[in-house]
1. Spin-label point model (7 Å from Cα, Cβ direction): what's the ASN60 to TRP8 distance in nm?
2. Once fully extended, how much extra length lies between ALA70 and GLN23, figured as 0.36 nm per residue of separation less the alpha-carbon to alpha-carbon distance?
3. Give me, ordered by chain and number, the residues 5 or more places off LEU76 or on other chains with an amide H under 5 Å from its own placed amide H.
4. Given a Förster distance of 22 Å, report the FRET efficiency between MET53 and MET81 from their Cβ-Cβ distance, rounded to the nearest 0.05.
5. What is the fewest-to-most order of ASP72, ASP79 by other Cβ atoms lying within 10 Å of their Cβ?
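We did not get these values from a lab; they are worked out from the coordinates using the rules stated. Only a predicted model underlies this, so the values are computations on that prediction, with no experimental measurement involved. All Cβ positions, glycine included, derive from the backbone under ideal geometry; neighbour counts span all protein chains shown.
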Amino acid sequence: MNCAQYPWYFEAHGKTLASAERQKYQLQHQVTQKIVHEFETSNNGSTILQLMMELQEQGNPPPELLKALAPDGVELGEDGMPKIPGMPGLGGDMDPNNCSIM
């Protein structure tokens, strides 16, 4: 995730965000900045892994940021996962009972 995009997002959408959602995205931004700093300074794998798990606990980033990172032509579902035509379970309708791999 490009942490430089969060300030743009807050500027464009900050007034319409619920307080809890704004706090979640602000925490994501802070943790993402820490990850970048860690890569640029010490590149400590265990610290980076810990920070990535902390980031994952905050859920998906704002949908607008996910869409900005998706390759051209890829449509994302509400859960941030890519919708892949012809692939059941990929695109927000995943039911573990209907797993096509198992």
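1. 1.9
2. Residue separation times 0.36 nm, minus the Cα-Cα distance, leaves 14.5 nm.
3. Residues meeting the amide H criterion: LYS83.
4. Working: r = 19 Å, r/R0 = 0.88.
Efficiency at R0 = 22 Å is approximately 0.70.
5. The most exposed by this proxy come first: ASP72, ASP79.
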